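Student: Have a look at this one.
The values are calculated or read from the model by the stated rules, or taken from the named source; none is laboratory data. Everything numeric here is computed off the predicted structure, so don't read it as measured data. Don't worry about glycine lacking a Cβ; one is built from the backbone with ideal geometry, like all the others, and counts go over all protein chains shown. Calculation scope for accessible area: heavy atoms of the full protein, side chains included, ligands and nucleic acids excluded. Shrake-Rupley method; radii C 1.70, N 1.55, O 1.52, S 1.80 Å.
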Amino acid sequence: MSTEHFRVTYDGPALESHEMDVRDLAPALLALADACEASGQVLFGAKSKVVVNVKASFKTGSFGVDMTLATNILKSLVGWFSGPDGQALANAATIIGGLGLLGGGVIWAIKRLRGRKIKRIDVRGTKRILLTEDDEEIEIEEYVLLLMQNRSVREHLDRVLSPLDRDGITKVAFGSDQTVESEILKSERPYFVVPASNEELLFSEERVQAFSIVSLAFRDGNKWRMYDGQAVIHVSIEDAEFLARVNQDIEQFTKSDVLICRIRVTQWQTDHGGKAEYAILRVLDHKRGAQQLKLDY
């Protein structure tokens, strides 16, 4: 059994008497327990058990509650928790750190995004790079991304912050003892509202792949139709140098040409099922279609 302590504090003019309506507090604390439990299941599998308890001490200043989170990890189902450091990660500290209750984590990432959409996700070792719609890069750990993408975790965290919707409550803070490690202001509350749309980014990865060309699109922004050996797909071209050679007629194409490319594949879950987007990041080689039959002799 692994145990970690943390503190949640609600602040604002309405709490100057150090009293809080139980109808606001109870659902928020229950949601916090649910967020921790959902996070444990995301990171360690459905058999992990998470218990969140309220400690007896209530400290002065605003309205704070001391809590403990205990985990009994029965089985870890996530591959990146294996290895020499796996045992140290598979505990309550990982859940608290992943959520950001003691700084960093999901809370930090959502605040850093400030409501902007994620255009794509790149992989750099164990890190995940969120590229925003205005091309800012935000670096997070892989397990933090897993929690960010989980609707159950996000919905529970949203309810933890629901007291901010009340007049006179202006801040929710998390930390240990007297130290505030993470806080969310009323002005930041909209960033944590779970999007109503069911479209969800599943993953984004880069790989090398070969394509034969079905049809070209010479207008900027239009996608080429390519055959990957199984199906015809629409692919955007992001290799500026290659496009420049095409526009200058340096690159010319014949039937059966094959392009060896580094591509990015992004998959989304939508109301109508999955969808995928393909982008050629760099054309590594252009193999001409055979003009003559090769004879063995």
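Student: Sum up the charges of everything whose Cβ sits under 10 Å from the Cβ of ASP34, counting Lys and Arg as +1 and Asp and Glu as -1, but leave ASP34 out.
Tutor: Counting the neighbours of ASP34, the net charge comes to -1.
Student: Out of PHE253, SER236, THR266, whose Cα points farthest toward the positive end of the dipole of region 223-270 (charges: +1 Lys, Arg; -1 Asp, Glu; placed on Cβ)?
Tutor: THR266
Student: Along each of its three principal axes, how wide is the spread of alpha-carbon positions in region 150-266, in whole angstrom units, largest first?
Tutor: Result for region 150-266: principal-axis Cα extents of 69, 30, 27 Å.
Student: Taking the Cβ of ARG128 as the center, what net charge do the other residues with Cβ under 10 Å away carry, scoring Lys and Arg +1 and Asp and Glu -1?
Tutor: In short, -2.
Student: OK, next. Just read off the accessible area of ARG288 with the full protein assembly in place, 1.4 Å probe, to the nearest 10 Å².
Tutor: That residue has around 130 Å² of solvent-accessible surface.
Student: On to the next question. So for TRP224, TRP108, what's the accessible-area order with a 1.4 Å probe, most first?
Tutor: TRP108, TRP224
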